[in-house]
Structure formats: structure tokens, C-alpha cells
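Structure first, then comments.
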Amino acid sequence: MSALLSVTGLEAAYGPVKALHGIDFEVREGGVTALLGANGAGKTTTLRAICRMVKTRGDILFDGKPIMRKATEDVVRLSIAHVPEGRGTFTTLSVEENLHLGAMTRARAGIAADVQRMYGYFPRLEERRTQQAGSLSGGEQQMLAIARALMLRPRLMLLDEPSFGLAPLITQELFAILAAIKREENVSMLVVEQNANLALNIADDAYLFETGRVVMSGPAATIREDEGIRRAYLGF
């Protein structure tokens with residue numbers, strides 16, 4: 001698979017505080033890349049840098065074209081969907097209204113069919129289609145955030161801590177759905193996740209972050225099977 005997203009020498013800062021120190025990584029077309037590491041290692045900042053939400057230097061190529069000078073809304077128009085930590089649903093709108101908002105930059109053709117496709121992945125959302133998003137459980141809100149992102153018909157999804165705050169059974173269900181989306185939608189994913197075991201189970205490639213630097217990378221299966229790496233860095 002060729003690289004859909006290629007990042008080289010990426011630096012990012014919040015005011016005078018540098019958060020990323022020249023990182024390199026790729027996301028392959030149709031593949032899943034996991035960014036792993038402790039809190040504060042720079043993983044979330046990396047997603048924000050791709051979305052042009054922080055001050056950056058370096059090179060970010062999407063489908064071979066630079067996006068460093070683009071605004072956040074232009075990144076969305078490139079079919080890059082960002083699911084931030086904390087879900088970010090429109091709490092006063094219904095489930096179905098949230099889904100339609102996910103498709104607001106698209107032509108209207110096919111939107112109704114895509115809503116039904118989302119309900120196929122997330123049957124609970126169909127049961128609650130007229131319910132306000134703010135009244136959903138945490139797991140249901142995370143499902144809605146992912147489904148809304150998919151309504152963009154993205155080529156790349158950026159997922160920031162999709163398991164955050166969720167019960168273990170809900171987390172397992174959510175990652176099973178992400179694995180199905182990987183198989184069936186041909187959507188590339190860049191996943192930031194504290195649950196390294198689950199992330200490595202669906203990922204093709206993984207990068208281990210430490211204090212704003214990539215300290216290790218390789219095929220996800222190789223990293224998952226290396227007992228030394230698991231004990232030293234990943235906690236399982």
C-alpha cells in the first residue's frame with residue numbers, strides 16, 4: 001500500500017512550549033496506523049497539527065500534496081475527518097441531525113443511504129435516531145461521533161482516544177466496529193489510543209511516542225508480539 005498521509009520533520013508548539021520535535025510517520029492507503037505512548041507524549045498534538053489547529057513546522061503530505069498552509073476547513077474538504085477526544089457531538093440536536101451535519105460539505109445525493117449504512121454499523125443509533133445526542137450514554141455518543149465523521153465519506157479518519165471513559169465491554173464493541181469499517185469502507189485511520197492492545201489488534205503499523213518524539217515504529221503485529229516493548233512502554 002502506498003502512503004496516503006506522509007509526515008516528515010513535524011514540529012508543533014503551544015506558544016513557547018514545543019510539543020513535537022521533528023517526528024516522521026506514514027498512514028498507508030486503506031491502512032490503520034496507531035500512535036501509542038503515555039499522556040503528554042504528543043499524540044493528540046499530532047492530530048491537531050494535521051488539522052491545522054496548532055503552530056507547526058515540517059512537511060505534511062496528503063495524497064502527495066502539501067497541506068501545511070491550509071486552514072482547518074480546507075483540510076475537511078480534503079476528506080479528512082477528525083473525531084476528537086471527548087466526542088464533540090451537538091448535544092441539543094438529535095442523532096439523525098448530527099449525522100446529517102457530518103455530510104454538510106457534500107452534495108446531497110446519497111446522504112439518506114449513508115445514514116442507513118451508519119445505522120447498520122451502529123444499530124443503537126437507529127433506535128435513538130430522534131433522541132437528543134446529549135442524552136445518550138458515553139459509548140453511544142462515541143459511536144455517534146464516529147458515524148458522523150464517516151458521513152463525510154472520508155479518505156482518512158483521525159481518531160483521538162476512542163475508548164476514553166468507556167466501559168471495557170463497550171470499548172471492545174467499538175473496536176470491533178472499527179475493524180469492520182476498516183474491512184468494508186477502505187477508510188484509512190490514524191488512531192491515538194491508550195489501550196495499546198486493542199489499537200494494535202486493528203492497526204497495520206504503529207509508532208511509539210515519548211516526549212514529542214518517535215522512539216520506536218514498525219508493523220503493529222511485531223510490536224504487539226515483542227514482550228520487552230509491551231512491558232517497557234505499553235503496559236500489557
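General observations
- Restricting segment 79-120 to residues that are charged (D, E, K, R) and at pLDDT 95 or above leaves a set whose member that is nearest to LEU174 (Cα to Cα) is ARG117.
- Residue tally, condition part of a loop (DSSP other than H, G, I, E, B) and among the acidic types (Asp, Glu), over segment 48-72: 1
- Of all residues in segment 10-65, those that are among the β-branched types (Val, Ile, Thr) and within 26 Å of ARG230 (Cβ to Cβ) total 7.
- Taking each residue of segment 116-130 that is free of Cβ contacts under 8 Å to residues at least 60 places away in the same chain and looking for partners that are among the polar types (S, T, N, Q) with beta-carbon atoms closer than 8 Å, six or more apart or interchain, yields ARG129/SER94; THR130/SER94.
- Meets criteria (surrounded by 15 or more Cβ atoms within 10 Å (Cβ to Cβ), touching a strand residue (DSSP E or B) at 6+ places or on another chain (Cβ under 9 Å), under 24 Å from GLU161 (Cα atoms) and in contact (Cβ under 8 Å) with a residue 40 or more places away in the chain) for VAL75: no
- Any hit, segment 14-32, residues being small (Gly, Ala, Ser), assigned to a strand (DSSP E or B), under 30 Å from ARG183 (Cβ atoms) and modelled with pLDDT of 95 or more: no
- Conditions (1) hydrophobic (A, V, I, L, M, F, W, C); (2) in contact (Cβ under 8 Å) with a residue 60 or more places away in the chain; (3) in contact with a Leu (Cβ under 9 Å, 6 or more places away or on another chain): number failed by ALA133: (2)
- Candidates THR92, THR45, filtered to the one that is among the β-branched types (Val, Ile, Thr) and either surrounded by fewer than 21 Cβ atoms within 10 Å (Cβ to Cβ) or part of a strand (DSSP E or B) (or both): THR92
The values are calculated or read from the model by the stated rules, or taken from the named source; none is laboratory data. All values derive from a computational prediction rather than experimental measurement. Methodologically, a virtual Cβ is constructed for each residue, glycine included, from the backbone with ideal geometry; neighbour enumeration extends over all protein chains shown.
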